[in-house]
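Q: I am attaching a structure below and will ask some questions about it afterwards.
The values are calculated or read from the model by the stated rules, or taken from the named source; none is laboratory data. All figures in this text were calculated on a predicted structure; none of them were measured in a lab. Here the Cβ positions follow ideal geometry from the backbone for every residue, glycine too, while neighbour counts run over all protein chains shown. These accessible areas exclude ligands, DNA and RNA; they are computed on the full protein's heavy atoms, side chains included. Shrake-Rupley method; radii C 1.70, N 1.55, O 1.52, S 1.80 Å.
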Amino acid sequence: MSLAAGSFSAELEQWLDAQLKRYAAEPSEATALLPQALQRFEAGLAQPPGAAQLRLALLIFDLAVELRNIGALTAIATPALACCEAGVAPELLPQLLCMQARVEVFQQRIERAVPLVERALLAAEQRDDALGRAAAVFALGLLAARQLDPRRAAASYADAIKLFKACGHHGPWVQAYAGMSTAYRALDDQPARLAALHEGVQMCMAQRRWSEAANLNTGMIDVALEQGDVAAAEQALAQGQLLADRADPSGLSAAHSIVRHGRACCLAARGQFRAAAEDCRAALAERAFHIAPADLARRCEQMADWLLAAGEPVQALAASRQGQAALEAMASNATQQAQTQLRARLELAHIQAQSERGRAQARELQSRNEALEQALGLQRELQAELVESIKFASLGNLLAGLAHELAAPLQNGLEALTRSLAQGELMLQQIDSGSASRSRLNQTLQRCEQDTATALAALEQALHLLGAYRHLETPPLGGATEAVDLAALVEAVWRRAITPGSALRLELDAALTLTLRSDVLAELLLQLLQNIERHAYPAGQAGVARVQARLHEGRLHLIVSDRGRGVASTLLAQLFDDEARRLDAGTRHAAGLGLSIVRAAVVEHLGGSIRALHNPGGGLRIEASWPI
């Protein structure tokens with residue numbers, strides 16, 4: 001870093017520390033701070049990226065949200081996130097992912113926001129980042145609201161409030177109360193809605209967030225009018241006006257626009273429809289680009305009703321058309337999302353059709369050579385289970401299973417040889433007695449040949465089973481390391497692990513090149529991926545195996561997950577133990593000797609740790625980490 005760049009970074013750090021204290025003490029300073037912060041961010045683009053620049057981006061995030069001006073983030077969210085993903089201040093990744101997600105929601109690109117929030121949750125969990133987790137849960141509430149799921153939205157907002165309180169964060173998280181109130185209104189839960197509004201107003205006033213307090217106060221206006229109590233509504237309106245003036249004495253703030261709409265509702269309740277429509281039109285003109293499409297449509301329809309009652313049918317029609325345009329835009333966005341989902345379903349149906357054709361071909365081949373397929377399938381399971389049995393002294397149990405599997409082919413072979421011997425003795429008796437005819441001798445010989453062939457096939461099957469053990473070995477301790485392209489290694493192991501024609505697909509997020517023991521990593525990946533194919537999904541069902549890898553503070557974090565049927569909570573903590581394997585053997589849900597091999601590879605060979613968790617989207621997630 002040059003001297004000039006170092007000086008810029010140090011000066012920016014000092015400015016940030018001072019402004020963060022200023023903003024925490026008086027959130028209304030956001031109006032003056034936002035243009036200054038944006039100017040500094042733009043100037044910083046000419047300097048080498050640093051942690052101070054990303055901290056500045058997060059301050060801009062809070063200021064823009066405070067002022068309900070998400071559009072201000074469109075120019076900074078993407079470069080800030082790219083800088084962090086390139087390795088600058090990785091501890092800020094969860095919050096920057098949430099900032100990018102808010103921009104995507106603002107631009108009606110919900111399908112892009114969802115994976116960003118999922119990544120933010122995962123990154124926050126990996127780093128034990130309480131603030132990042134709170135921001136991600138808040139974003140989940142926003143997504144649920146846009147996806148018209150008010151119950152999930154209310155729960156997410158409530159969880160986010162608890163997390164932000166625990167963090168002691170000074171940002172504008174109190175806006176979660178407004179989202180929670182809107183969700184309870186959709187659920188027709190008036191007590192919960194009022195409780196959220198009252199608690200939100202008190203919290204905003206304690207934090208000196210007068211603008212947000214005014215916004216929540218208009219919710220009380222709506223409740224009072226819905227109950228027919230115009231006097232209570234006007235009392236709430238007066239309090240809201242005082243709060244908005246305290247936030248910005250100029251009368252030009254977003255809070256004033258929100259209160260102006262509340263005044264319009266009170267005027268309409270008093271029968272002053274023309275004045276109500278004028279106030280509503282002014283409020284919409286000031287905030288049209290900061291209102292969700294559904295709210296914009298609802299307010300336009302209100303204004304249309306008031307204009308019609310005031311005897312202005314032409315203007316009423318124009319207002320109604322404006323609301324209809326908002327609904328059509330929302331419907332268009334919903335249609336695009338539905339089309340995306342439809343394409344995904346069609347692709348899945350195509351994959352399932354291909355899988356069904358593959359299964360039909362497999363059944364035909366199985367009918368022709370069933371014994372060979374059984375031997376090959378058993379060989380793969382025994383190969384994986386024998387390695388673990390050596391590691392954990394389970395050889396006795398494994399050999400007992402082998403003996404059980406060998407019993408059938410050996411018994412079949414013995415019975416076939418016994419029948420062949422009996423046919424031979426019968427043929428000799430016929431020859432000795434002179435009763436043998438050419439046709440009878442041919443029949444006896446044919447039966448002997450059939451029984452001999454049966455015995456030979458049974459013995460070959462047994463030899464196949466025994467031969468599976470001849471090639472098993474575990475990676476030696478203290479092996480050599482080498483430079484490894486992690487993504488290429490995962491794909492190579494995937495091709496080894498998964499049966500040809502399988503309906504499973506791989507999702508890979510592991511673009512790293514590291515120096516490590518490739519043999520141990522390949523072995524543990526092989527076992528985890530085979531475990532998913534065998535146990536996560538019903539046979540032949542399409543599914544996903546996801547492999548993610550991140551390097552953080554000198555450790556490699558590896559996550560292998562599926563969205564299958566998962567594991568019972570009672571067995572999750574002991575999933576890598578032999579006892580858990582035996583207990584779960586009846587259900588065959590993510591159990592098997594392969595997971596013990598994985599634990600041995602991580603703990604003994606790599607000096608790391610491993611755990612099993614429920615996957616948030618369903619299924620099982622295995623997380624392992626070790627020093628690099």
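Q: If a/c stays under 1.5 just call it rounded; otherwise compare a/b with b/c (prolate if a/b is bigger, oblate if not). Do that for the range 125-233, with a ≥ b ≥ c from the square roots of the Cα gyration tensor eigenvalues. Kindly include the intermediate steps, with their values, before the conclusion.
A: Working: a/c = 2.92, a/b = 1.53, b/c = 1.91.
Taking the square roots of the gyration eigenvalues as a ≥ b ≥ c, the range 125-233 is oblate.
Q: Continuing with the same structure: Please state the shape class of the range 508-581: rounded when a/c is under 1.5, otherwise prolate if a/b exceeds b/c and oblate if not, all from the C-alpha gyration tensor.
A: Details: a/c = 1.98, a/b = 1.51, b/c = 1.32.
It is prolate, given that a/c is not under 1.5 and a/b is the larger ratio.
Q: On a 1.4 Å probe surface of the protein chains, which of Trp210, Trp494 comes out largest in accessible area, and what is the full order? Before the final figure, lay out the partial values.
A: Details: Trp210 15, Trp494 40 Å².
Solvent-accessible surface, decreasing: Trp494, Trp210.
Q: Compare the peptides 495-504, 124-133, 267-276 by average per-residue count of other Cβ atoms within 10 angstrom and give them in order, highest first.
A: Values: 495-504: 15.5, 124-133: 19.1, 267-276: 17.6.
Packing order, densest peptide first, comes out as 124-133, 267-276, 495-504.
Q: How much accessible surface area, in Å² rounded to 10, belongs to the heavy atoms of Lys162 with a 1.4 Å probe?
A: 140 Å²
Q: Suppose the chain between Glu26 and Leu441 were pulled fully straight at 0.36 nm per residue; how much longer would it get relative to their current alpha carbon spacing? Display every interim value, and only then the final one.
A: Values: separation 415, 0.36 × 415 = 149.40 nm, distance 10.83 nm.
Going from the current span to full extension adds 138.6 nm.
Q: Can you run phi through the Karplus equation (6.51, -1.76, 1.60; θ = phi - 60°) for the range 123-131 and list ³J(HN,Hα) in whole Hz, with x for Gly and Pro?
A: Once rounded to whole Hz, the list reads 5, 5, 5, 5, 8, 6, 9, 5, 5.
Q: Moving on to the next point. Using a 1.4 angstrom probe on the protein heavy atoms only, line up Ser569, Ser156 by accessible area, largest first. List each step's numbers first, then the result.
A: Working: Ser569 85, Ser156 15 Å².
Putting Ser569, Ser156 in descending order of accessible area: Ser569, Ser156.
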